[in-house]
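What follows is a set of notes on a single structure, which appears directly below.
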């Protein structure tokens, strides 16, 4: 159950509401985001929500049967739009392509890719500077210095920046250089990191865990939202199954299911979802046809020489063709609704 | 390694070739299909295939590195077309929709659906009369009598029939009433059944096992092909994973991978792939966008009253809309190549 | 709900009971096994079972909430014992080791292994003559002739025979030469085969499907039982998961869970469960410690030269040591209860 | 490849060795632990390791073909022993039971359990104060204050403390109150946390990820070891599969495989592995029979009232009986070797 507080609700009125919630046997959590104030109430027994709804200070009250609440579409029917500024919006009908290398490698590399994206009309660039790697002996990224280069060049090209944050201590130093924080699959249930990202006023894209359920992804988003940050994106990037012919199994079912359960935009990552460069395009198009709100895809001038993930990275020609096909598909998709 | 025999190759020349194959340390299997004669040669050591290629009676010879051979695209670059007669072809660019109920229930039911399909321009109807059910106490289908009704009405409407065969003893009685034999997911590795289907001159669609690998599906097709039947279709219908939000996980990756590995057409079954009626359409469209050669989808006049699988079955209005969307998507897809 | 009929219940009284069951809204299935007559009643609405229990011809009536009924422990608290004759019993406290090669290869091979087993006090020998193989070009077993040799030599050594049946047509020819029919993992949901095995008066061991659930295994057993054959064994042989370090993942949890849900004996197959010879022993011992009623393990004089499954097969020395350890563990286990 | 440096190897000699490693095309990483100094060399091309082995400052050199190195058994045949002081050692033949509640709840609770463990001869107590929970609205533990109470009471009873650390910032505050840091399944690939735990001189137990591979677990241990901490334990706690009859699937295969690949002790967690209280004992015994070096099990005076995980927690009577059975099994197991 979610109680949306009125803007003029005072501290003392809020205290009264918290008491009233406890009185009906529910456990309240007060949530303040950049956009509103809520009281999330967890409990099992049936109650008449009008009793609480008529209290002073209450703007609205919603009954949500799911265990996740604030990210549920049951109380917020209008889909979330993420506005990144400079005319770049995502969600609720606005589709965005995010593209770029797995790892930021050098100023020259960033420059070349940013120009390619600009030519193709892509407004968001991805690139990792903190790289989670299975082996401690693998390349772990250029770190904050890499991010600074990445951000400077992107801004020169009117391109927004998305990059992975691996721990709470990186949030503040990254803040100035980033437009969307990405939480990687391995950190999808790093609850301390999620809590801290709730305190930031920049959007966060949460990748589904390597074998995370759809419900767990929604819970992870609930962590960030309930800690104060409403501007969230969910990302399906393939799950771990027994099949060995591809790197992961792209759970295309997750797209309509997530959009049904939540008001948050859903992004697909076809590069990780299949892990094989020659098949990234059909899988990406499948994601668009299934209704995704955006796509994040790995692109590099010479994938064969990329510092990481070369086997699933498109070159300029391949990516340009894919972007054209995505846009053609989008215009058919729009004709359906 | 596959040796394609010349049409005029005599028994005694074939015997010489078999000897020559054994002499280089390979194990030969003679295969005769409705379309050609082959010798499949299994072995590991490297050989100069020209030695065998220059023998009398050899039309062509192909080196295939996969463990499956005849279904591999490495020797047959041209994609297989399945011609069902009356202008109904499938594969190699020809897309077909197959639709119909999970179970054949009555003459009235079949009539109603056949008329709906005819109206929508669908040329192949699905419907089960032998139903594999987890519980022995569930409805197991109308059997052969149901198939007779199903076939009669379809023929009156110019519609082809696909239905599941559960054991070798059913092949012959079904023969007269069927256009495509379907092997269900639970029988995907019923090798005795596959062997026997190799002796029939009607097409066979093999569904991927509930947790079958892409490679195992190709092996199952190899059973049928090597037993004599080249007219095969592969069907992706979702796999079993840990995710519980959908009935199965639709392995969309399998579509481009199967098409890369094999010359056989690839069909998608969105109904089983997600198992939730309200999401069948986006998943079906994803399959089309990924490049599928056809789709098989469950349709019923009143899904709520269907004898089985009602929760994943579309009604007439939903299915008609989906067919329109599929065709719109197909025309964009064709513009890509 | 299960109605156990009295021995003197006549046809006409049975008809009355069937009517009474239908009258309360349940669907009855009459079951006749070698040991008794039952009416299985499937329905959802709550009823007072005493109404049916007091009818003439009813020996006893049991309320079973599971969807599987006859294999449930809810109506039959005493565990099933399988008596193979000559003092070989299995289940309900009687532990048996089954051992032998993956494939029957020759008279010499069978002789050597039978002598080894006799020396070790093992009373049941396994060996395949019909081999399900992923590739049609692999060795598929010696067939019925192999089974005849296998059976003859085993009988000379006082050893019982278990071997896999792959299709209904093999049941009758195998009958004379076999003590336990084995249903393989790939045929675990071959319902036609299960139905036919219900008509035989020899025990049947059903292996869990490659990715079968515990519930599906119980349903498969319900097929055989409800078709007339009560003498069933369940076999856990490892399931398919994402982990690649072993051939399968041994679901040790399945042992206590199956024993809690069903009265049927539970056998473990450590050879397939891990697929790596050097680790078969610890996994086998784990199965015994978890409470298994028996074990089936692959043994060959020279595993390196075995026609199939050599990588998971123990030699004579290894198997003898394992049998000793199993017996030591069994005596500790008995001290626990 | 691992170069073990001699104790008297100076900085400048080490620099020479690093140069020599680079000269043969390998990438060296200098590692300093509490017990030794190593240079881990990653590369692919074959080299004659004697060239490096004969350099001054080299104590020994080992060729390790795995991608993980320092945790591999290929260079360190003697199994690792973890000495916790006061006669509590674990590994290399010394078995330990760790037991206690999921969450630390109160001083009374800790007291009662500590007394129970002392009575049973258990020397290590588990208990969470920082709890990773899927939902942000669930109980998240008593925090550092809870740990202080936990530690004080355990020390009064001669019992060692193991508790989960969720982020790098908690390491230092926990240090004084802890004997083993536990890394939970969700943090198994939290590489920043693993790096930081490498700098601590207390043992670390790493749980396998919810769907982590055996190889990934070894890599995670390699992170901690290569950052300086050799005192590591690996924990198998069940993996996520399609099976829904138990909370997780206990991968018993992992025990012998981990012990074959690594010199680190392997602990089993039967409570999470099956998640069903009535079956914890058979699963625990299976783990012991398979060769585990220790066990960690959830125990509470009144599991029904536990703040978390009550459904998989043993009460005092059940746990006492299990401890007896484990010890009986251990004495049989020792007779095998």
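Hey, can you tell me all the residues within the range B:129-146 that are assigned to a helix (DSSP H, G or I) and in contact (Cβ under 8 Å) with a residue 60 or more places away in the chain?
Answer for the range B:129-146, where residues must be assigned to a helix (DSSP H, G or I) and in contact (Cβ under 8 Å) with a residue 60 or more places away in the chain: there is none.
Looking at (1) away from chain C (no Cβ under 14 Å); (2) crowded, with 22+ Cβ neighbours inside 10 Å, which is the one condition that is false for residue B:141?
(1)
Among the numbered conditions (1) surrounded by fewer than 20 Cβ atoms within 10 Å (Cβ to Cβ); (2) within 7 Å of another protein chain (Cβ to nearest Cβ), tell me where residue B:310 comes up short.
Residue B:310 satisfies every listed condition except (2).
Which of the residues belonging to the range D:206-232 are more than 7 Å from chain A (Cβ to nearest Cβ) and part of a helix (DSSP H, G or I)?
Of everything in the range D:206-232, those that are more than 7 Å from chain A (Cβ to nearest Cβ) and part of a helix (DSSP H, G or I) turn out to be D:214, D:215, D:217, D:218, D:220, D:221, D:224, D:225.
Just for the range D:187-202: of the residues that are surrounded by fewer than 23 Cβ atoms within 10 Å (Cβ to Cβ) and away from chain A (no Cβ under 12 Å), which one is nearest to the chain's Cα centre (by Cα)?
D:202
Working only within the range C:233-252, note down all residues that are at the interface with chain D (Cβ under 7 Å from one of its Cβ atoms) and touching a strand residue (DSSP E or B) at 6+ places or on another chain (Cβ under 7 Å).
Of everything in the range C:233-252, those that are at the interface with chain D (Cβ under 7 Å from one of its Cβ atoms) and touching a strand residue (DSSP E or B) at 6+ places or on another chain (Cβ under 7 Å) turn out to be C:239, C:241, C:243, C:249, C:251.
I'd like to know if the range C:96-105 contains one or more residues that are assigned by TED's automatic domain parsing to the domain that holds residue C:299 and part of a helix (DSSP H, G or I). It would help to see each step written out before you state the result.
Filtering the range C:96-105 for residues assigned by TED's automatic domain parsing to the domain that holds residue C:299 gives C:96-105.
Subsequent filtering for residues that are part of a helix (DSSP H, G or I) retains none.
No - not one qualifying residue is present in the range C:96-105.
Is it the case that residue D:110 is in a loop (DSSP other than H, G, I, E, B), in the same structural domain as residue D:319 (by TED's automatic domain parsing), crowded, with 21+ Cβ neighbours inside 10 Å and touching a residue at least 40 places away in the same chain (Cβ under 8 Å)?
Judged against the criteria, residue D:110 is not a match.
Filter the range B:253-263 for residues that are touching a strand residue (DSSP E or B) at 6+ places or on another chain (Cβ under 7 Å) and either part of a helix (DSSP H, G or I) or within 11 Å of residue B:233 (Cβ to Cβ) (or both); which is farthest from the other protein chains (Cβ to nearest Cβ)?
B:262
As an exercise: evaluate residue D:91 against (1) buried (at least 18 other Cβ atoms within 10 Å of the Cβ); (2) at pLDDT 95 or above; (3) over 30 Å from residue D:292 (Cβ atoms) and give the number of the one condition it does not meet.
Among (1) buried (at least 18 other Cβ atoms within 10 Å of the Cβ); (2) at pLDDT 95 or above; (3) over 30 Å from residue D:292 (Cβ atoms), the lone unmet condition for residue D:91 is (3).
Please work out which residue is farthest from the other protein chains (Cβ to nearest Cβ), limiting yourself to the range A:117-128 and to residues that are surrounded by 21 or more Cβ atoms within 10 Å (Cβ to Cβ) and outside any loop (DSSP other than H, G, I, E, B).
Among residues in the range A:117-128 that are surrounded by 21 or more Cβ atoms within 10 Å (Cβ to Cβ) and outside any loop (DSSP other than H, G, I, E, B), the one farthest from the other protein chains (Cβ to nearest Cβ) is A:125.
Would you confirm whether any residue within the range C:147-159 is buried (at least 19 other Cβ atoms within 10 Å of the Cβ), touching a residue at least 40 places away in the same chain (Cβ under 8 Å) and within 23 Å of residue C:198 (Cα to Cα)?
Looking through the range C:147-159, at least one residue is buried (at least 19 other Cβ atoms within 10 Å of the Cβ), touching a residue at least 40 places away in the same chain (Cβ under 8 Å) and within 23 Å of residue C:198 (Cα to Cα).
Identify the single condition in (1) surrounded by 15 or more Cβ atoms within 10 Å (Cβ to Cβ); (2) away from chain D (no Cβ under 14 Å); (3) at pLDDT 95 or above that residue A:85 does not satisfy, given that it satisfies every other one.
All conditions are met except number (1).
Those residues that are touching a residue at least 40 places away in the same chain (Cβ under 8 Å), more than 7 Å from chain D (Cβ to nearest Cβ), closer than 19 Å to residue D:196 by Cβ and part of a helix (DSSP H, G or I), I need them from the range A:164-186; list them, please. Write out each step before concluding.
Filtering the range A:164-186 for residues touching a residue at least 40 places away in the same chain (Cβ under 8 Å) gives A:170, A:179-180, A:182, A:184-186.
Keeping just the survivors that are more than 7 Å from chain D (Cβ to nearest Cβ) gives A:170, A:179-180, A:182, A:184-185.
With the extra rule that they be closer than 19 Å to residue D:196 by Cβ, the set shrinks to A:170, A:184.
Listed by number, the list holds a single entry, A:170.
Suppose the filter is at pLDDT 95 or above, over 24 Å from residue C:211 (Cβ atoms), surrounded by 24 or more Cβ atoms within 10 Å (Cβ to Cβ) and within 14 Å of chain D (Cβ to nearest Cβ); does residue C:273 pass it?
It is false that residue C:273 is at pLDDT 95 or above, over 24 Å from residue C:211 (Cβ atoms), surrounded by 24 or more Cβ atoms within 10 Å (Cβ to Cβ) and within 14 Å of chain D (Cβ to nearest Cβ).
The rows are residues; the columns are (1) more than 24 Å from residue B:111 (Cα to Cα); (2) within 14 Å of another protein chain (Cβ to nearest Cβ); (3) touching a helix residue (DSSP H, G or I) at 6+ places or on another chain (Cβ under 6 Å).
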| site | (1), (2), (3) |
| --- | --- |
| B:265 | yes, no, no |
| B:293 | yes, yes, no |
| B:319 | no, no, no |
| B:329 | yes, yes, yes |
| B:332 | yes, yes, yes |
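Between C:58, C:71, C:64, C:51, which is at pLDDT 95 or above and either surrounded by fewer than 17 Cβ atoms within 10 Å (Cβ to Cβ) or under 19 Å from residue C:263 (Cβ atoms) (or both)?
Every option except C:71 fails the conditions.
The values are calculated or read from the model by the stated rules, or taken from the named source; none is laboratory data. Predicted, not measured: the structure shown is a model, and the values here were computed from it. Note that each Cβ is placed from the backbone with ideal geometry, even for glycine, and that neighbours are counted across all protein chains shown.
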